[in-house]
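Trainee: Got a structure for you, written out below as C-alpha cells; questions coming shortly.
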Amino acid sequence: MLADDSSDGAINACIGNCVFAGIAAADALCYARLGERYSGPDHDRAADVLDRISKEYGSALRSLIRLKTKSQYGDEWLTASSRKTALRSAQILVNEAKASLC
C-alpha cells in the first residue's frame with residue numbers, strides 16, 4: 001500500500017493521490033454546502049471558496065496544493081513527514097465531503 005511504502009517514488013505517488021483526492025473532495029464539499037465551486041486554474045482561489053465553509057478545510061486544501069507540483073512534476077523526492085501531512089489533509093476533506101453528501 002502506498003501509504004505504508006517508504007520508497008521515494010511511493011511517497012511521491014501517495015502524496016499525488018492525496019492531492020487529487022483533496023481537490024475532488026473540496027469540490028464536492030463546496031457543491032454540497034454552497035451550491036458552487038471554483039473552476040479556474042488557481043487552486044488557492046478554490047481554497048478561498050472552501051474558507052467560506054471552514055478555515056480548517058481551506059487550510060487543508062492549501063496544504064495539499066503546496067505539495068502538488070513537487071509530488072506530481074517535481075524532480076525531488078518528498079519525505080514521509082510530507083506524506084503524513086498530505087494524508088491528514090486529504091482525510092479531513094474526504095471525511096467532511098462524505099458527511100455532507102450522505
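All of the numbers you see were taken from the coordinates with simple rules; none came from a lab. All figures in this text were calculated on a predicted structure; none of them were measured in a lab.
Trainee: To one decimal place, what Kirkwood hydrodynamic radius in Å is obtained for region 58-98 from all pairs of distinct Cα atoms?
Mentor: Hydrodynamic radius (Kirkwood, Cα pairs) of region 58-98 is 10.6 Å.
Trainee: So for region 8-101, considering every pair of alpha-carbon atoms, how many percent are separated by more than 22 Å?
Mentor: Details: 1010 of 4371 pairs.
Summing the P(r) of region 8-101 above 22 Å gives 23 percent of all pairs.
Trainee: Tell me which DSSP H helices of the chain clear both cut-offs, 30 Å or more of axial length from alpha-carbon atoms and a mean Kyte-Doolittle hydropathy of at least -1.0.
Mentor: 8-34, 80-101
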